[in-house]
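Student: Structure incoming, see below.
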């Protein structure tokens, strides 16, 4: 079965760049979601190569290509939010991977090859320093077992002339061995105590010159680590220098990749100048051995950047590389094939992306969003696109987003009364009577709450927010509170034919008169938490959660599961009116998208090959948002588009 194909938006978190020593145009790229990418044209274009260990939580900070054995690659990985990770080896140029048993389950934070011996590699882990002398097949701990000092090893450097001399930077100070690990000495002279040592490099012609970067700054030693001197010129705000890299042909040029941009020295560290903006977080620096004016950066959010003038200026080179977290989507009903997606965690590189060809190509459309994450997208009856952020609602005016300031958190009617129970039958009434009464006065202010979802019903637009359910009757220009918060944060909302349903994690409310009055909705007793809701045009209400999908055709009086639909861990429900179906996705490890056809309740599914966050119709095909890999599209749509373009 052909998996769905990825199409961006390009960019995201890039962690490490490595070049094939047998072909400098062949590059490998490590990511924060377990993917290895490759480029055959010096980074002009990228393509996904393999997901290491089939996991999406591995951070690949270290990639080393064996110079002696073509096709052999080593990758060190650590796992987000845990001490897990491993050392992975490929013998077929990165297509398939296996793990080294001795390092299985360990966070591998550093990995280097030995310049003078292609079969020798050294790795740094949370437990200490490991060494392999057989090309990475087997590993041995060469730092003291259970050491209280040499652990949490973040950086490694090996003397270019003597492989027995190894430097290890830990989360507190640097260490050195001159006898292959038999003895270790602390080389902290001149280094501020308790400094996390992120990177160590050794001058290839003069091994007595050693550079080290730490949370307390950059240090240089001209005595093989016997004493360090702190280098001046980089502001303290940028002192978290994640990587140091020396120009292989011009050794007086050193780059420092920091959490506030890239710095460069041309005089061996005497003076430094920042060559990028301070917003850039640099994870790795690669300098082409063929042309050292060609410098590449692996960055957070911005992906891969390239310079052809020695690092003086940079531009993006992310064609084919996508590590975006898409969590919101809207299909523009005015223009066939025009869709918008919202991403999180990407600041100025994120926001909203738009496509006019059904998701095949994308352009960023985030001007005016103030670097906010976009939690939700919607469209009003006149076609205006809305974005919900953690700090209010934005409207798209041409190419610029503007924040909505006219939001009233005052209601004229109260929310629903709790449904009454019926003593004779024991069945709780789904729709309780509502009582119109003045709500407590709430002072008007600039709305800065989180907006989690939008829905449109006829001419009304509704928003589920941290402050309550908001309603707009003028294309999103102004909003008013239509249901008091009642102590709940409303995360989902859906509507059809004047029926609107909003849910918090544990409660639901319904309006059958365009939001004028609201009533409590009894939810399925099996559900422990609500994650998604949909309303079909036959009056059916669909609610999903960890325990699965439940449907009610009588406004919550009773609920039932869908025969043949056994999926759990629901993260998205969407009613596709044109297709007369409900589209369903669930959390990983599920890679299947489901459809329930309303007239006959037939269940269909597609094994997409990706962990999905949502799936939506575009014309006669489907587009899905993945957890960490941007947008993927049904192969049929791609083939049709290619035929049309040709």
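The values are calculated or read from the model by the stated rules, or taken from the named source; none is laboratory data. Quick caveat: nothing in here was measured; it's all calculated off a predicted structure. No Cβ is skipped: glycine too gets one built from the backbone with ideal geometry, and neighbour counts run over all protein chains shown.
Student: Going by the conditions given, is residue 159 closer than 25 Å to residue 284 by Cα, more than 34 Å from the chain's Cα centre (by Cα), crowded, with 17+ Cβ neighbours inside 10 Å and in contact (Cβ under 8 Å) with a residue 12 or more places away in the chain? Steps first, please.
Tutor: Working: closer than 25 Å to residue 284 by Cα: yes; more than 34 Å from the chain's Cα centre (by Cα): yes; crowded, with 17+ Cβ neighbours inside 10 Å: yes; in contact (Cβ under 8 Å) with a residue 12 or more places away in the chain: yes.
In short, yes.
Student: Among (1) part of a strand (DSSP E or B); (2) at pLDDT below 95, which single condition is residue 167 missing?
Tutor: (2)
Student: Same structure, new question: Out of all the residues in the stretch 378-403, which are in a strand (DSSP E or B) and surrounded by fewer than 18 Cβ atoms within 10 Å (Cβ to Cβ)?
Tutor: 397, 400, 402 - these are the residues of the stretch 378-403 that are in a strand (DSSP E or B) and surrounded by fewer than 18 Cβ atoms within 10 Å (Cβ to Cβ).
Student: Could we say that residue 46 is closer than 30 Å to residue 614 by Cβ, without any contact (Cβ under 8 Å) to a residue 60 or more places away in the chain and within 25 Å of the chain's Cα centre (by Cα) here?
Tutor: no
Student: Can you tell me which residue within the stretch 614-633, out of those that are in a loop (DSSP other than H, G, I, E, B), touching a residue at least 60 places away in the same chain (Cβ under 8 Å) and surrounded by fewer than 22 Cβ atoms within 10 Å (Cβ to Cβ), is nearest to the chain's Cα centre (by Cα)?
Tutor: Just the residues of the stretch 614-633 that are in a loop (DSSP other than H, G, I, E, B), to begin with: 619-620, 627-630.
Of the ones still in play, those that are also touching a residue at least 60 places away in the same chain (Cβ under 8 Å) are 619, 627-630.
The next check asks that each one be surrounded by fewer than 22 Cβ atoms within 10 Å (Cβ to Cβ); those that pass are 619, 627.
Working: 619: 28, 627: 7 Å.
Looking at the filtered set, the residue picked out is 627.
Student: Could you identify the single residue in 33, 41 that is assigned to a loop (DSSP other than H, G, I, E, B) and surrounded by fewer than 20 Cβ atoms within 10 Å (Cβ to Cβ)?
Tutor: Numbers: 33 fails: surrounded by fewer than 20 Cβ atoms within 10 Å (Cβ to Cβ).
Answer to the selection: 41.
Student: Let me ask something additional. Could you say whether any residue in the stretch 591-613 is surrounded by fewer than 17 Cβ atoms within 10 Å (Cβ to Cβ), on the phi > 0 side of the Ramachandran plot and in contact (Cβ under 8 Å) with a residue 24 or more places away in the chain?
Tutor: Yes; the residues of the stretch 591-613 include at least one that is surrounded by fewer than 17 Cβ atoms within 10 Å (Cβ to Cβ), on the phi > 0 side of the Ramachandran plot and in contact (Cβ under 8 Å) with a residue 24 or more places away in the chain.
Student: When you scan the stretch 466-560 for strands (runs of 3 or more DSSP E) that lie fully inside it, which ones turn up with 1 or more residues that are surrounded by fewer than 16 Cβ atoms within 10 Å (Cβ to Cβ)?
Tutor: In the stretch 466-560, 478-483 are the strands (runs of 3 or more DSSP E) which contain 1 or more residues that are surrounded by fewer than 16 Cβ atoms within 10 Å (Cβ to Cβ).
Student: Right, something else. Can you spot a residue in the stretch 217-229 that is over 23 Å from residue 165 (Cα atoms) and loosely packed, with under 14 Cβ neighbours inside 10 Å? Outline the logic, then answer.
Tutor: So in the stretch 217-229, the residues over 23 Å from residue 165 (Cα atoms) come out as 217.
Those still in the list that are loosely packed, with under 14 Cβ neighbours inside 10 Å too: none.
Among the residues of the stretch 217-229, not one is over 23 Å from residue 165 (Cα atoms) and loosely packed, with under 14 Cβ neighbours inside 10 Å, which makes the answer no.
Student: Return the only residue of 86, 8, 94 being closer than 30 Å to residue 363 by Cβ and either at pLDDT below 95 or in contact with a strand residue (DSSP E or B) (Cβ under 8 Å, 6 or more places away or on another chain) (or both). Please lay out each step first, then the result.
Tutor: Working: 86 fails: closer than 30 Å to residue 363 by Cβ; 94 fails: closer than 30 Å to residue 363 by Cβ.
None of the other options fit; the residue is 8.
Student: Need a quick list: strands (runs of 3 or more DSSP E) entirely within the stretch 284-377 having at least 1 residues that are without any contact (Cβ under 8 Å) to a residue 40 or more places away in the chain, surrounded by fewer than 22 Cβ atoms within 10 Å (Cβ to Cβ) and over 22 Å from the mean Cα position of the chain (by Cα). Before the answer, list the steps.
Tutor: Numbers: elements: 295-299, 303-307, 325-331, 339-344, 352-355.
Once the strands (runs of 3 or more DSSP E) in the stretch 284-377 are filtered for at least 1 residues that are without any contact (Cβ under 8 Å) to a residue 40 or more places away in the chain, surrounded by fewer than 22 Cβ atoms within 10 Å (Cβ to Cβ) and over 22 Å from the mean Cα position of the chain (by Cα), what remains is 303-307.
Student: Scanning the stretch 71-92 for residues that are touching a residue at least 40 places away in the same chain (Cβ under 8 Å) and surrounded by fewer than 21 Cβ atoms within 10 Å (Cβ to Cβ), which turns out farthest from residue 52 (Cα to Cα)?
Tutor: Checked the stretch 71-92; the qualifying residue farthest from residue 52 (Cα to Cα) is 83.
Student: Residue 90 - would you say it is more than 22 Å from residue 199 (Cβ to Cβ) and in contact with a helix residue (DSSP H, G or I) (Cβ under 9 Å, 6 or more places away or on another chain)?
Tutor: Judged against the criteria, residue 90 is a match.
Student: Which one of these is buried (at least 17 other Cβ atoms within 10 Å of the Cβ) and in a loop (DSSP other than H, G, I, E, B): 199, 195, 147?
Tutor: Being buried (at least 17 other Cβ atoms within 10 Å of the Cβ) and in a loop (DSSP other than H, G, I, E, B) holds for just one of 199, 195, 147, which is 195.
Student: Has the stretch 385-400 got at least one residue that is more than 22 Å from the chain's Cα centre (by Cα) and free of Cβ contacts under 8 Å to residues at least 24 places away in the same chain?
Tutor: Yes, the stretch 385-400 contains a residue that is more than 22 Å from the chain's Cα centre (by Cα) and free of Cβ contacts under 8 Å to residues at least 24 places away in the same chain.
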